[in-house]
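Please read the structure below before turning to the comments.
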Amino acid sequence: MTQFLRQGWRMAKGHTKIIIALFLYQAIWGFILYKMIDNIITPLLKRYPELTGSADTVALFWIENQFQILKTDVWMPYLYTFLILLFIRMIFTPFLQAGLFYSIHHRSEIGKGTYFRKGIAAKWKQVTLLYWIKNILIFIPLIWIVKPVFTTILSNKSINAIFSLLDWTLFVYIAWALIVQLLFYLLQLGTSWEMSITTVLRQTLVHLLPFILVSIVISLIYSFFSVSIHALSIIWVSFLSFLLYQILPLIRTLFKVWMVSAQYESIREHKI
């Protein structure tokens, strides 16, 4: 397993420019989402009663906003904007996945250079098709969960009534979503790595343990860094903690590329 981690790390370092590009891509989307939320929250906070205000004034503030959300369509423009942004991001995501997965495969085979743009040109159709099939399979069942919950909220029923609608249905849906996510992730990897569907599934099932172990180890290492940086930013407020907190998304992107690279090595090492 350590061999796969070392090989994956070496390959991830060879994709430094791609990691920076992916980080900037995520940072741009994060900034857009932040500005969208800020434009919603800031006007509300300006109307929030002063700290010296009475409890009745605060209660009236929350009742008024609850009424606007549940009984008017004031939130619809924000919902449409969010859905449009989500759709745009979902268009770009499979292109980036195709480029990254393809580049990891060919750098491992050839030993130098990156093949990100070639991967987008060669594999975007297959990866995009799998990506949208996966999302359809995940989101369509969600309609049967969200619709009764939304109806219950609009009818002003208690929170217990909402939770009673979910019970085991939510757990079944989560299990379904995880299985679909993993299956199509493997199919996208196999397509980009020029393996047949049966080959990548067989290789993953036969060598499932190293595939899972490298994923768990890298996730734990990242979790350690993430928790440490968050704790440092809370305990010791300084320029260093601020700087580390700002580069945390870059570290997360690096670890994602490392994980994909190590997963590839765990399969490629045992090719039949």
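The values are calculated or read from the model by the stated rules, or taken from the named source; none is laboratory data. Everything numeric in this text was worked out from a predicted model, so none of it was measured. Note that each Cβ is placed from the backbone with ideal geometry, even for glycine, and that neighbours are counted across all protein chains shown.
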Of the numbered conditions (1) over 25 Å from LYS134 (Cα atoms); (2) at pLDDT 85 or above, PHE92 fails exactly one; give the number of that condition.
(1)
Tally of residues being modelled with pLDDT under 90, in a helix (DSSP H, G or I) and hydroxyl-bearing (Ser, Thr, Tyr) across the stretch 105-149:
1
Being aliphatic (A, V, I, L, M), surrounded by 14 or more Cβ atoms within 10 Å (Cβ to Cβ) and under 20 Å from LEU24 (Cα atoms) is true for just one of LEU243, LEU250. Which residue is that?
LEU250
With the condition being at pLDDT 90 or above, I'd like the helices (runs of 4 or more DSSP H) fully within the stretch 166-272 carrying at least 1 qualifying residues.
208-235, 239-268
So which residues in the stretch 4-37 are hydroxyl-bearing (Ser, Thr, Tyr) and under 15 Å from the mean Cα position of the chain (by Cα)?
TYR25
Picking from GLN7, GLN3, the residue that is surrounded by 14 or more Cβ atoms within 10 Å (Cβ to Cβ) and out of contact with any Lys or Arg (no Cβ under 7 Å at 6 or more places or on another chain) would be GLN7
Name the one entry in LEU170, LEU186 that is under 20 Å from the mean Cα position of the chain (by Cα), closer than 28 Å to ILE143 by Cβ and either surrounded by 14 or more Cβ atoms within 10 Å (Cβ to Cβ) or among the polar types (S, T, N, Q) (or both).
LEU186
